[in-house]
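Every read-out reported here was derived from the displayed coordinates using simple, explicitly stated rules and does not represent laboratory data. Keep in mind the model is a prediction, meaning the values are calculated, not measured. Ideal geometry is used to build each Cβ from the backbone, glycine not excepted, and the neighbour counts take in all protein chains shown.
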Amino acid sequence: MKKLLRTILSAMLLVTGLHPVYACTGIAINAADGTKLLARTIEWKGGNLDSKLIILPRGMQNTALTPTGKNGHRWINKYGAVGASTVAPEFVTEGVNEKGLNVGIFYFANVGSLTPFNPKRAKKSVSDGELVRYMLTNFATVDEALKGLEKIEIIPIGQADKNGHYATGHWRISDASGRSVVLEITDQGKRNVYENNLRVFTNSPAFPWHQANLNNYIHLSGGETPNKTMGDVNLYSFGGGTNLTGLPGDLTPPSRLVRAFFYVQSAPIPADTYAAVTQAFHILNNFDLPIGAEYAPNEKIPDMPSATQWTAVSDVTHPTFYYRTMYNSAIRKIDLTKIDFDTVQYSVLNMDPEPKENFYELKF
């Protein structure tokens, strides 16, 4: 058990060390046939996150990790779920359960601040890295999740940086009704819940800041600016989309949220589930970060194809988990309605079981 904890803590330190660059971008897509989707990317420039596909059955017993061991809150899975982990299988980062509850954690640098771990309250403690798994296996709706979270303490599991800050995240929680909220924890345990009417989500700063920041871009819209004459000079557009001139294009969370907002708001309403899923992946293509983009010229770049290590789409209307990875752009699908969560085994699977170097070759 101590070896397991050391391994997990070492991995967490690697990811949440001196140069944390998670650059997650989330969107929501609603189709005309009633399908509701939550989608997101996950980026990390520092190395392969060793993500796995996780199958969580009903009835599985769990004990949360704390900084002193596997001695935290205990629970038994009420619902089955499917998701993807980062760093360790215990840390499900994004997923959906059989009732259509979708939960994801997004990095919340320099803002998130959790309740310090109190060994005397270990039995009520769930680490931030395990909170997605905890919610997916216990609750069916946003309301249930928010009420249930009141009974536990959410604690940091990683190690503090040189300034005493713990790297943590904030959470997007959504359900089959279409409701989506943001949970942010600041000031050593102050919980803030916001209705997410933006249908997009990224990282720091806090969610209300992002909402207010959108007002800086009130002049943007889709389409092409008409030609005009100023004095003796005729001015014209060089191409389409000139009404979006000024849309921020850098990699920071505020800029990514603004771009995601305008792409989602300007996209046509897809007709059905297939159109919605493909639209979600197409929009998120815009946030696929080349591996070298976040490095200075003299820095060593890890041997990976992309900083965007995987992209996932959760259908909360017909509980289904779709994903693709940096090694394979083919969309994989796991239909939760076809899984018997009473008999399926807890599974930790490679997200890319096929050889990484394979391409589909057309022969004539």
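Annotations for the structure displayed:
- Helix 2-15 and the long axis of the chain differ in direction by around 20°, with both axes built from C-alpha atoms.
- Packing-based ranking of 72-80, 94-102, 197-205 yields 94-102, 197-205, 72-80, ordered from highest to lowest mean Cβ neighbour count within 10 Å.
- Sequence ranges 150-159, 248-257, ranked by mean other-Cβ count within 10 angstrom, highest first: 150-159, 248-257
- Considering only Leu53, Ile173, Ile155, the residue lying farthest towards the positive end of the dipole of the stretch 45-175 is Ile155, judged by Cα position with unit charges set on Cβ.
- In this rough spin-label picture, where each label sits 7 Å from Cα along the Cβ direction, the Asp187-Thr68 distance is 2.8 nm.
- FRET efficiency, 1/(1 + (r/R0)^6) with R0 45 Å, evaluated for Asp342 and Tyr295 via beta carbons: 0.40
- For the stretch 164-252, radius of gyration divided by Kirkwood radius, i.e. Rg to Rh on alpha-carbons: 1.17
- Selected from Asn77, Ala31, Asn110, residue furthest toward positive end of dipole (the stretch 23-124; charges at beta carbon): Asn77
- FRET efficiency estimate (nearest 0.05) - Cβ-Cβ, Asn30 to Ser329, R0 25 angstrom: 0.55
- Virtual spin-label span in nm between Gln159 and Gln61, 7 Å along Cα→Cβ: 3.2 nm
- Compactness of the stretch 66-215 was expressed as the Cα radius of gyration divided by 2.2 N^0.38 Å, which yields 1.00.
- The smallest convex shape that holds all Cα atoms of the stretch 94-151, its convex hull, gives 89 Å³ per residue.
- Distance from the alpha carbon centroid of the stretch 301-338 to that of the stretch 68-88 works out to 20 angstrom.
- Length-normalised contact order of the stretch 54-166 in % [C-alpha pairs under 8 Å, at least 6 apart]: 29 percent
- Each DSSP beta bridge with both residues in the chain is either parallel or antiparallel, and the antiparallel ones are about 95%.
- The reciprocal of the average 1/r between distinct C-alpha atoms defines the Kirkwood hydrodynamic radius, which for the stretch 65-107 equals 11.9 Å.
- Qualifying GluC sites (Glu not before Pro) for the stretch 183-244 [loop in DSSP, other Cβ within 10 Å: at most 15]: Glu224
- Difference of contour (0.36 nm per residue) and Cα-Cα distance, Phe238 to Lys78: 51.9 nm
- Estimated Rh, the stretch 220-310: Kirkwood, alpha-carbon pairs, angstrom: 16.3 Å
- Using only side-chain charges placed at the Cβ, +1 for Lys and Arg and -1 for Asp and Glu, the dipole size of the chain relative to its Cα centre rounds to 1200 debye.
- Loop-located GluC sites (Glu not before Pro) in the stretch 293-362 (DSSP state not H, G, I, E or B) with no more than 11 neighbouring Cβ atoms inside 10 Å: Glu299, Glu357, Glu361.
- Close amide H partners of Phe91, meaning residues 5 or more places away or on another chain with modelled amide H under 5 Å apart, are Thr86.
- Spherically averaged projected area in nm², based on the convex hull that wraps the Cα atoms of the stretch 54-140: 5.6 nm²
- Convex hull volume of the chain per residue (C-alpha atoms, cubic angstrom): 187 Å³
- Lysine pair count for the stretch 62-183 [Cα-Cα under 22 Å; pairs on different chains or 8 or more apart]: 17
- Both radii were evaluated on the Cα set of the stretch 246-287; the Rg over Rh quotient, with Rh as the Kirkwood radius, amounts to 1.03.
- The H on the amide N of His318, modeled in the peptide plane, is under 5 Å from the matching H of Lys36, each at least 5 residues off or on a different chain.
- In order along the stretch 31-48, phi translates into HN-Hα couplings of 9, 5, 7, x, 5, 10, 10, 10, 10, 6, 9, 9, 10, 7, 7, x, x, 5 Hz, rounded to whole numbers, per the Karplus curve 6.51 cos²θ - 1.76 cosθ + 1.60 with θ = phi - 60° and x for Gly and Pro.
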